[in-house]
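Report on the structure given below.
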Amino acid sequence: PPAVITVRYQLFFDQDTLHRGLLKASLGGKNISAVFSPERPEQTIDPAKSGFFWVLSDYLIEGVWHIWIGADHILFLISLLIPCVYRRQASGSGGLRPVEKIRPALVNVLAVVTAFTLAHSVTLGLTVLEIVTPPEGIVEPVIAASVIVAALANLTRHLVHLRWQIALGFGLVHGFGFASVLSDLGLPREQLTAALLGFNVGVELGQLAIVCAFFPIAWALRRTAFYRWGVMVAGSISIAAVAAFWLVQRLMP
């Protein structure tokens, strides 16, 4: 009969913080799903609270968590945000100068974030709905390559100005990566819309938190030699080196 049940799951959490326990149940004629994590090892399963918004909130948390632990996604985004506090010089084809007012910098940030969001949302949805199925073994290496491109573009005179274009193009591939994680979480087919929407919104909220943490620092330091050479040059080279290691690692059998 319909009843409120408390379920606790903690297998492997002490060995792997990324491990997830997936619960699917039928209670009171309703199909219920839940995701257990080290932060949420115990959940109350209530047939009266198994609707759209409960599933949405569950997967929203997983979306936020995934973007925060996805170092490749974070470094890709930061690489694109580093030059957002600079503008092209009036003279010359690619020189950079710090922006004088905050509005142009915010416009640059908005363009990057919007392009990345639109791109990965499209491929995330298409993959989860099984309309598009990318070949296995290709997505993760291409994601690593996208980080290399985004980082090294900061060292060029022309590609550095193509931030939102890079975000849009490679964002499509990052969407396939998000879809892989979402599929691993065991999507409830009867509540697919809620799970997909919740996960995607969670990714955007996690992404927004990263932007809000990074941009004030970039704005405050944009005129300093430390930001120009330490962050934009040395930082971009370091990010590209890490991503190159990932690429080799992901290409190995």
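The values are calculated or read from the model by the stated rules, or taken from the named source; none is laboratory data. As the structure is a computational prediction, the values presented were derived from the model and not from experiment. Methodologically, a virtual Cβ is constructed for each residue, glycine included, from the backbone with ideal geometry; neighbour enumeration extends over all protein chains shown. Ligands, DNA and RNA are stripped out before the accessible areas are found, and what is left, the full protein with its side chains, is counted by its heavy atoms. Shrake-Rupley method; radii C 1.70, N 1.55, O 1.52, S 1.80 Å.
Name every residue in the range 87-137 that is modelled with pLDDT of 90 or more, under 18 Å from the mean Cα position of the chain (by Cα) and β-branched (Val, Ile, Thr), in order of residue number.
Val109, Val112, Val113, Thr114, Thr117, Val122, Thr123
Would it be correct to say that Trp219 is more than 20 Å from Ala71 (Cα to Cα) and open to solvent by 60 Å² or more (accessible area, probe 1.4 Å)?
Judged against the criteria, Trp219 is not a match.
With in contact (Cβ under 8 Å) with a residue 12 or more places away in the chain, open to solvent by 60 Å² or more (accessible area, probe 1.4 Å) and under 13 Å from the mean Cα position of the chain (by Cα) as the only criterion, which of Leu155, Leu172 stands out? Please lay out each step first, then the result.
On the way: Leu155 fails: under 13 Å from the mean Cα position of the chain (by Cα).
Criteria check complete, one pass: Leu172.
Does at least one position in the range 231-252 carry a residue that is part of a loop (DSSP other than H, G, I, E, B), at pLDDT below 95, out of contact with any Pro (no Cβ under 8 Å at 6 or more places or on another chain) and of a type outside the set (D, E, K, R)?
yes
I'd like the full set of residues that are open to solvent by 20 Å² or more (accessible area, probe 1.4 Å) and either over 30 Å from Gly125 (Cβ atoms) or polar (S, T, N, Q) (or both), limited to the range 192-216. Talk me through it step by step, then tell me what you get.
Residues of the range 192-216 that are open to solvent by 20 Å² or more (accessible area, probe 1.4 Å), as a first pass: 192-193, 196-197, 200-201, 204-205, 208-210, 212-216.
Correct list: Thr193, Asn200, Pro216.
In the range 15-47, what residues are among the basic types (Lys, Arg) and in a loop (DSSP other than H, G, I, E, B)?
Arg20
Let me confirm something: among Ile138, Ile131, Ile143, Ile102, which residue is in contact (Cβ under 8 Å) with a residue 24 or more places away in the chain and under 18 Å from Gly177 (Cα atoms)? So that I can check it myself, show each step before the final result.
Details: Ile138 fails: in contact (Cβ under 8 Å) with a residue 24 or more places away in the chain; Ile131 fails: in contact (Cβ under 8 Å) with a residue 24 or more places away in the chain; Ile102 fails: under 18 Å from Gly177 (Cα atoms).
From the options Ile138, Ile131, Ile143, Ile102, the qualifying one is Ile143.
Taking the condition of being open to solvent by less than 40 Å² (accessible area, probe 1.4 Å) and within 11 Å of Val147 (Cα to Cα), how many residues in the range 228-243 meet it?
4
Val149 is checked against (1) crowded, with 20+ Cβ neighbours inside 10 Å; (2) at pLDDT 95 or above and fails just one. What number does that condition carry?
That leaves (1) as the condition not met.
State the number of residues belonging to the range 158-169 that are within 17 Å of the chain's Cα centre (by Cα) and open to solvent by less than 10 Å² (accessible area, probe 1.4 Å).
1
So for the range 188-200 (the condition being over 30 Å from Asn31 (Cα atoms) and assigned to a loop (DSSP other than H, G, I, E, B)), does at least one residue qualify?
For the range 188-200, residues over 30 Å from Asn31 (Cα atoms) and assigned to a loop (DSSP other than H, G, I, E, B): absent.
If Tyr86 passes every condition in (1) over 24 Å from Trp68 (Cβ atoms); (2) surrounded by fewer than 19 Cβ atoms within 10 Å (Cβ to Cβ) but one, which one does it miss?
Going through (1) over 24 Å from Trp68 (Cβ atoms); (2) surrounded by fewer than 19 Cβ atoms within 10 Å (Cβ to Cβ) one by one, Tyr86 breaks only (2).
Which ones in the range 48-71 are within 26 Å of Ala3 (Cβ to Cβ) and not in a helix (DSSP H, G or I)?
Listed by number, the residues that qualify are Ser50, Gly51.
Go through the range 1-47 and give me each residue that's polar (S, T, N, Q) and modelled with pLDDT of 80 or more.
Result: Thr6, Gln10, Gln15, Thr17, Ser37, Gln43, Thr44.
Considering only residues that are polar (S, T, N, Q) and modelled with pLDDT of 95 or more, which ones fall in the range 197-220? Even if it seems obvious, please write down each step before you answer.
Initially, the range 197-220 is screened for residues polar (S, T, N, Q), giving 200, 207.
Selection gives nothing.
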